[in-house]
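Each remark here refers to the structure printed beneath this line.
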Amino acid sequence: MISQYILILASALALAAGGTPLARRAALRLGIVDQPNARKVHKTPIPLLGGAAIYTAFILALVLFGNHFYVNQVVGIFLGATLVSFMGLWDDRRELSPALRLVGQIVAAGMLIASGVQVHLFHWNALNWLITIIWVVGITNAFNFLDNMDGLSGGLSAIAAAFYLLFALMNGQYLVGALAAALLGACLGFLIYNFNPASIFMGDSGALFLGFVLAAVGIKLRFPNNTPVVTWMVPVLVMGLPIFDMTLVVFSRLRRGLNPITTPGRDHTSHRLVRMGASPRRAVLICYALAGALGMLALFVARASVAEGYAIGGITALAGIWGIWRMEQVDLA
């Protein structure tokens, strides 16, 4: 099993590393580029089709080297991820309204539920469906929010996928492991060109795709040696930094009366770290370190007792609230 994970990871990495320059040339030829403006960090136009390379590498690695016995279980994930990625590509080309994007993401979450990929925390299906939709839509958008600095969204996706792969190895979950290995390889191959200074961006098509797949894989995680009363916190901790960033941005924009809150801006965690004195590259590395620390906490919670798990969850939540308060003190002018 481990050798198959390595094969999937390596093939996805090679496909993304080889495909990203092709995507870059295609973006320049088609005029799909991100133009600089006052809300953005980059100073020159950057191609936006990196998400297509990530998507293609992920799909091909699983088709070529995944276990076809599990094909039926990933149909919903593939269809939903394809829908949000296509809508992101459309948005990169011609801006979509926030309402249309939200409807598309809810439909994609519905595809997951229809295929059996859903939260199973409560006895009431309607409540499980609602939580599934909120989780999927929230994490999908959180990674899109994070795509605001070179290497940030791709790197955090790679870190999350690495922890998911580790959990799969610990608990014998082939499907989770295969999906995580493919995602990890695709992100690493893309980061060769996206880490500061980036020569290509993933665009909304890539960020939405990564968020959706990570949300779906988080739902698929199972921990047979512990109770769901505790282990529901594991994917939340792994996704802790994207959740923190989205909460910070939404709270800050509501407090300042900005409308709509989905408008891009330089008020994210990474931007505030730069305002506090870090270089853009150092700010991204700090975010990587924080995501790694949260992943380590998730590893502990996966084996923790109820009391230990909730103690860690409570302390982490308080630290997050303090972090939002501290970040709100940063001058954004």
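The values are calculated or read from the model by the stated rules, or taken from the named source; none is laboratory data. These numbers come from a predicted model, not from an experiment. Cβ: placed from backbone, ideal geometry, glycine included. Neighbour counts: every protein chain shown.
Key figures
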| read-out | value |
| --- | --- |
| Positions within the stretch 275-311 being assigned to a helix (DSSP H, G or I), among the hydrophobic types (A, V, I, L, M, F, W, C) and touching a residue at least 24 places away in the same chain (Cβ under 8 Å), in sequence order | A283, V284, C287, L290, A291, L294, L297, A298, L299, V301, V306 |
| Unique residue being modelled with pLDDT of 95 or more, of a type in the set (A, V, I, L, M) and under 29 Å from P98 (Cβ atoms) when the list is A215, A181, A198 | A215 |
| Selection from the stretch 195-221 of residues that are out of contact with any strand residue (DSSP E or B) (no Cβ under 7 Å at 6 or more places or on another chain), in a loop (DSSP other than H, G, I, E, B) and surrounded by 24 or more Cβ atoms within 10 Å (Cβ to Cβ) | M202 |
| Entirely in the stretch 89-176, the helices (runs of 4 or more DSSP H) that have 3 or more residues that are without any contact (Cβ under 8 Å) to a residue 40 or more places away in the chain and more than 18 Å from the chain's Cα centre (by Cα) | 98-114, 125-146 |
| All positions within the stretch 222-265 that are among the hydrophobic types (A, V, I, L, M, F, W, C), within 20 Å of I131 (Cα to Cα) and in a loop (DSSP other than H, G, I, E, B) | F223, W232, M239 |
| Selection within the stretch 169-223 - under 18 Å from L22 (Cα atoms) and aromatic (F, W, Y) | F190, Y193, F195, F201 |
| The stretch 93-114: number of residues that are of a type in the set (A, V, I, L, M), surrounded by fewer than 19 Cβ atoms within 10 Å (Cβ to Cβ) and closer than 14 Å to N144 by Cβ | 2 |
| Residue within the stretch 56-75 that is at pLDDT 85 or above, surrounded by 20 or more Cβ atoms within 10 Å (Cβ to Cβ) and among the hydroxyl-bearing types (S, T, Y) present | no |
